[in-house]
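To start, the structure itself, in structure tokens.
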Amino acid sequence: MRSLTAAFFCLAIFPGAAAAQVTVLRHVTIIDGSGAAPRHDAALVIEGQEIRAITGANAPLPKGAIALDLSGKTIMPEIINAHGHLGLLKGTRMSSDNYTAENVERQLLQYQDYGVGAVLVMGTDRDQAYQWRSESHSGKLPGATIYTAGRGFGAPQGVPPVSMGTDLVYRPPTSDEARKDVDELAAHQPDVVKIWVDDFWGQYPKMKPEIYAAIIDQAHKHDLRVAAHVYHEEDAQRLADDGVDLFAHSVRDAEIPDNLVAEMKSKHMAYIATLSLDEFLSAYADDPTWLTQPFFREALEPGVYEMITSPQYKQSIKDDKKTPAETAALPIALKNVKKVYDAGILVALGTDSGATPTRAFGFAEHQELQLLVQAGLTPLQAITVATKNGAELLHASGEFGVLRPGLKANLIVLDKDPSEDIRNTESISSVWKDGKKVSAGPHPRAIKGN
């Protein structure tokens, strides 16, 4: 094993690099996100913003290094949420009026408090997001790093409902207009293109197949990937045939057939299960085990706890005709994500947090990890889905997602080892971004205007 002395030999050769602060986190268990077994009694060496070495805990320290003894702690990469939403939620209300720099920054900081280092906003952004994305990537905007699909595509009078603050979503009535809209969107260089093809259990018009086929085709001409909001297996099959790149939700009405799994793999498609979405849809009809836990309570917007615990809200879920279908969806989604994962298809973590008041920023991502384990993944596999795979989906594997030399020191320090129990990802001691401690974990965050 290479010693720290050898690891820092290069600093003598490149004196410019020596100006960066060196910090060594010692006597830790390291889960690097690659799927490898945890490394015990190790040291993580940080130089400036990057990881420079992973060594044994007792390796010699370089001159001038700051050493932190973190005995008993576990380190893992920050979580990547590959399906979230920013800015439209404030308190219990979804509205485009909430889409302000102040509200977005507040939510990015909350993601960060919960160890979420990056979020892909799936189609509900407005044009301000491109500037915020630039500031986020350059370090001028604090909190989780923004990736964006910009303005997504829905059907006229369809999903997502305008009442959710999505008044600027493209809703082309013809294939020609769809192509023009894609051209306009492409000028902003979104990270993906988002389409909604679902009908919310028959409540809204569905996007016509010829429309989404045109969107997919035109997006590919601009070298842009397309992510689809799906629910039904029939829609998923047609989208795969048309070349969609990513299912942004689970197939939840039936088991994904073997032929579709094979097609997804052959076309290098990716899959985001958003299992917690399905859980949150019906969980509040009763009192879930996590309802009164601080880790959950501190993630909620003001007024949401009172809303979801009210007898009226609980009864409204029980009376809703969609609740049986929503309750049945989760077991199907759990089975499908395991099947897709076992087939070797890229599965990344996503939650749809921020799309409704009941999907709390930060908490949802840890709940998603637990549901992935419930689906049959091991804790280490679930962590890889949430870290390495997310970075791969974002085309950011050269920056973060795994703890290894040369990548950013973006990590979570935990009091307990999540490889032993995935719920231990909630034991956040601190969060580090670009080599610096930026948070001591979740805490209530002030909100104005309520």
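Since every read-out is calculated from the coordinates, none of them should be taken as a lab result. Everything quoted here is computed from the prediction, not taken from an experiment. Positions of Cβ are backbone-derived with ideal geometry, glycine not excepted, and every protein chain shown enters the neighbour counts.
With 0.36 nm allotted per residue and the present C-alpha distance subtracted, the Asp415-Gln21 stretch has 139.3 nm of extension available. Please give the helix 175-186 orientation as an angle from the longest Cα principal axis of the chain, in degrees from 0 to 90, rounded to the nearest 10. Relative to the chain, helix 175-186 is tipped by roughly 20 degrees. FRET efficiency for the Gln49 to Lys180 pair, using the beta carbon distance and R₀ = 45 Å, is estimated at 0.65.
If the viscosity is 1.002 mPa s and the temperature 20 °C, what Stokes-Einstein diffusion coefficient in µm²/s follows for the chain when Rh is the Kirkwood radius over Cα pairs? The Stokes-Einstein estimate is 95 µm²/s. Once the chain from Asp320 to Asp286 is taken as fully extended at 0.36 nm per residue, the excess over their C-alpha distance is 10.8 nm. Taking amide hydrogens as placed 1.01 Å from N in the peptide plane, the amide H of Ala118 sits under 5 Å from those of Asn81, Thr145, each at least 5 positions away in sequence or on another chain. For the peptides 41-50, 56-65, residues were scored by their other Cβ atoms within 10 Å and the scores averaged per peptide; the highest-first order is 41-50, 56-65. Ordering of 315-326, 177-188 by packing is 177-188, 315-326, highest average first (other Cβ atoms within 10 Å, averaged per residue). Charging the Cβ of each Asp and Glu at -1 and of each Lys and Arg at +1, and nothing else, the dipole of the chain about its Cα centre rounds to 1160 debye. Can you tell me the FRET efficiency between Ser71 and His220 if r is taken as the Cβ-Cβ distance and R0 is 56 Å, rounded to the nearest 0.05? Computed FRET efficiency for Ser71 and His220 comes out at 0.60. With 0.36 nm allotted per residue and the present C-alpha distance subtracted, the Ala187-Ser34 stretch has 51.6 nm of extension available.
Do the alpha carbons of any pairs in Lys180/Lys208; Lys208/Lys321; Lys267/Lys321; Lys388/Lys416; Lys194/Lys339 sit beyond 28 Å of each other, and which pairs? As for pairs spanning more than 28 Å Cα to Cα, those are Lys267/Lys321. A simple spin-label model places the labels of Lys267 and Ile447 3.8 nm from each other, with each point 7 Å out along Cα-to-Cβ. For the chain, take the longest principal axis of its alpha carbons; what is the angle in degrees between that and the long axis of helix 209-221, to the nearest 10 within 0 to 90? Between the helix axis and the principal axis of the chain, the angle is about 30 degrees. By the count of other C-beta atoms within 10 Å, a proxy for reagent exposure, Trp290, Trp196 are ordered fewest to most as Trp290, Trp196. By how many degrees, between 0 and 90 and to the nearest 10, does the Cα long axis of helix 323-342 differ from the longest principal axis of the chain? The angle comes out near 50 degrees. Comparing region 57-98 with the 2.2 N^0.38 Å rule of thumb, its C-alpha radius of gyration ratio is 2.29 (two decimals). For the pair Ala440 and Gln157, a Förster radius of 45 Å applied to the C-beta separation gives a FRET efficiency near 0.45, rounded to the nearest 0.05. Computed over all pairs of different Cα atoms, the Kirkwood value for the hydrodynamic radius of region 348-450 is 14.9 Å. Taking the Cα centre of the chain as the origin and placing charges on Cβ (Lys, Arg +1; Asp, Glu -1), which of Tyr313, Ile54, Leu380 is farthest toward the positive end of the dipole? Result: Ile54, furthest along the dipole toward the positive end. Highest average first, the peptides 425-434, 304-313 ordered by how many other beta carbon atoms sit within 10 Å of their residues are 425-434, 304-313. For the chain, the residue among Gly406, Pro444, Tyr111 whose Cα projects farthest onto the positive side of the dipole built from Cβ charges is Gly406.
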